[in-house]
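The values are calculated or read from the model by the stated rules, or taken from the named source; none is laboratory data. These numbers come from a predicted model, not from an experiment. Here the Cβ positions follow ideal geometry from the backbone for every residue, glycine too, while neighbour counts run over all protein chains shown.
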């Protein structure tokens, strides 16, 4: 009986030794430091550089997140919403600030009713307010319309022949000069605190037709084409 037991033990030891040799030859060893949180699972690290590393377990748990949305109410009482969009970093910190914006008074656009895409700096017409102009006046597309630069109101500080000097309100230390050309068109130069000078509307390609502007010249088809290209 003892001889049979001794023989069985010797066979079991030999089998265990062979299995250990096979595991070592396969180039796989278990490291306690690389074990995941689950104690039942052991991460296997290869001993040879040519062998792949065991892929870690991917969690299927969905982590909730938050979108940085800013909400505000305009001077005319319209709800406005801005959703920043991530863009590729530019050189020397010069990169676009892209946003998906919504306005309760907005018209139909390529993104739906009230939605628009903003990011590039622009000087546009904007309504007058009681705080600055002592009157509330919507945009009428005439010479009495107020001007805004990136949503900040432009206030006239001085005026001379064929040129008007503006400041932003609230003040951002940006000086804007409006020029009147001989053809009757206007363009602007913004002198930034960084020393950069930005031109607005100096070329025809930088003067897009405003949404809602009346079509004075041309046929009805031409007006429809212009409205569709905005």
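Filtering the range 176-201 down to residues that are over 27 Å from the mean Cα position of the chain (by Cα) and at pLDDT below 90, which residue is surrounded by the most Cβ atoms within 10 Å (Cβ to Cβ)? Full working, then the answer.
Within the range 176-201, the subset over 27 Å from the mean Cα position of the chain (by Cα) is 177-187.
Right, trim to at pLDDT below 90 and you get 180-186.
Details: 180: 13, 181: 11, 182: 6, 183: 6, 184: 6, 185: 12, 186: 18.
Among them, the one singled out is 186.
Rundown of residues vs (1) in the same structural domain as residue 186 (by TED's automatic domain parsing); (2) modelled with pLDDT of 75 or more, yes/no style:
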residue	(1), (2)
33	no, no
41	no, no
59	no, no
85	no, yes
90	no, yes
105	no, yes
131	yes, yes
Among strands (runs of 3 or more DSSP E) entirely within the range 81-194, at least 1 residues that are without any contact (Cβ under 8 Å) to a residue 12 or more places away in the chain and over 23 Å from residue 205 (Cβ atoms) occur in 152-160
Test set (1) free of Cβ contacts under 8 Å to residues at least 24 places away in the same chain; (2) closer than 20 Å to residue 142 by Cα; (3) in contact with a helix residue (DSSP H, G or I) (Cβ under 8 Å, 6 or more places away or on another chain) - residue 200 fails condition number = (1)
Every residue from the range 61-83 that is loosely packed, with under 12 Cβ neighbours inside 10 Å and at pLDDT below 85 | 61, 62, 63, 64, 65, 66, 67, 68, 77
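Does the range 92-103 hold any residues that are at pLDDT below 80 and surrounded by 15 or more Cβ atoms within 10 Å (Cβ to Cβ), and which are they?
Listed by number, the list is empty, since nothing qualifies.
Within the range 142-154, identify whether any single residue is surrounded by 12 or more Cβ atoms within 10 Å (Cβ to Cβ), at positive phi and within 27 Å of the chain's Cα centre (by Cα), and answer yes or no. Lay out the reasoning, then the answer.
Within the range 142-154, the first condition is being surrounded by 12 or more Cβ atoms within 10 Å (Cβ to Cβ), and the residues that meet it are 145-154.
Now restrict to residues that are at positive phi: 150-151.
Of the ones still in play, those that are also within 27 Å of the chain's Cα centre (by Cα) are 150-151.
Checked against the condition, which is being surrounded by 12 or more Cβ atoms within 10 Å (Cβ to Cβ), at positive phi and within 27 Å of the chain's Cα centre (by Cα), the range 142-154 yields at least one hit.
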